[in-house]
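**Q** A single structure is presented below for examination.
The values are calculated or read from the model by the stated rules, or taken from the named source; none is laboratory data. Bear in mind the structure is a predicted one, so any value in this text is a computation, not a measurement. So basically every Cβ, Gly included, is an ideal-geometry build from the backbone, and we count neighbours across all protein chains shown. Accessible surface areas use protein heavy atoms only, side chains included; no ligands, DNA or RNA. Shrake-Rupley method; radii C 1.70, N 1.55, O 1.52, S 1.80 Å.
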Amino acid sequence: MLVVKSDLIRVTLDEPAVDRLVLGLGFACWGAFVGIGVYMTQLSGLKSTSDWEREYPSAIPTATASAVAGFFLIVAGLWPYFKFWSVLMLGYFCFCGLEALSLLS
């Protein structure tokens, strides 16, 4: 509903005020976060966090830094058009995404 009411897709693709380079970097950071998460939980064969910390000690801090940097880069990319609403919208999307992930497990 929020995507439709805010016209987010049209604004992201067509609005000249949106900084697409910064926005793309933000999505790339979130892609790195998801990639590290999928590898650590599904592909590595390691089952516990102690195994993850022993085998890949820098993976969790790197994923955390990627997620935080991605959040701020996406906000910075959308800021020229949405101003403070970009923070609220992205926070809402993150909350809904976490809720959707909790339904999967």
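**Q** Inside the stretch 83-95, can you point out the residues that are open to solvent by 50 Å² or more (accessible area, probe 1.4 Å), at negative phi and free of Cβ contacts under 8 Å to residues at least 24 places away in the same chain? First the steps, then the outcome.
**A** We begin by selecting, within the stretch 83-95, every residue open to solvent by 50 Å² or more (accessible area, probe 1.4 Å); these are 83-85, 88, 92-93, 95.
Subset that is at negative phi: 84-85, 88, 92-93, 95.
Listed by number, the residues that qualify are Phe84, Leu88, Phe95.
**Q** Within the stretch 40-60, which residues are among the polar types (S, T, N, Q), in a loop (DSSP other than H, G, I, E, B) and more than 28 Å from Ile74 (Cβ to Cβ)? Break it down into steps so the answer makes sense when it comes.
**A** Pass one, the stretch 40-60, residues among the polar types (S, T, N, Q): 41-42, 44, 48-50, 58.
Retained after the next criterion (residues that are in a loop (DSSP other than H, G, I, E, B)): 44, 48, 58.
Result: Ser48, single match.
**Q** Looking at the stretch 61-82, which of the residues that are in contact (Cβ under 8 Å) with a residue 12 or more places away in the chain and under 20 Å from Gly45 (Cα atoms) is surrounded by the fewest Cβ atoms within 10 Å (Cβ to Cβ)?
**A** The qualifying residue surrounded by the fewest Cβ atoms within 10 Å (Cβ to Cβ) is Thr62.
**Q** Could you count how many residues in the stretch 35-65 are under 13 Å from the mean Cα position of the chain (by Cα) and either at pLDDT below 90 or within 26 Å of Glu15 (Cβ to Cβ) (or both)?
**A** The initial filter retains those residues of the stretch 35-65 that are under 13 Å from the mean Cα position of the chain (by Cα), namely 35-37, 63-65.
Going one step further and asking which of them are either at pLDDT below 90 or within 26 Å of Glu15 (Cβ to Cβ) (or both), we end up with 37.
Within the stretch 35-65, residues that are under 13 Å from the mean Cα position of the chain (by Cα) and either at pLDDT below 90 or within 26 Å of Glu15 (Cβ to Cβ) (or both) number 1.
**Q** So how many residues does the stretch 11-52 have that are aliphatic (A, V, I, L, M) and either open to solvent by less than 40 Å² (accessible area, probe 1.4 Å) or closer than 16 Å to Tyr81 by Cα (or both)?
**A** Pass one, the stretch 11-52, residues aliphatic (A, V, I, L, M): 11, 13, 17-18, 21-23, 25, 28, 32, 34, 36, 38, 40, 43, 46.
From what's left, either open to solvent by less than 40 Å² (accessible area, probe 1.4 Å) or closer than 16 Å to Tyr81 by Cα (or both): 11, 13, 17-18, 21-23, 40, 46.
So the count comes out to 9.
The rows are residues; the columns are (1) assigned to a helix (DSSP H, G or I); (2) more than 21 Å from Gly97 (Cβ to Cβ); (3) not aromatic (Phe, Trp, Tyr).
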| position | (1), (2), (3) |
| --- | --- |
| Arg10 | yes, yes, yes |
| Leu23 | yes, no, yes |
| Trp30 | yes, no, no |
| Gly35 | yes, no, yes |
| Val38 | yes, no, yes |
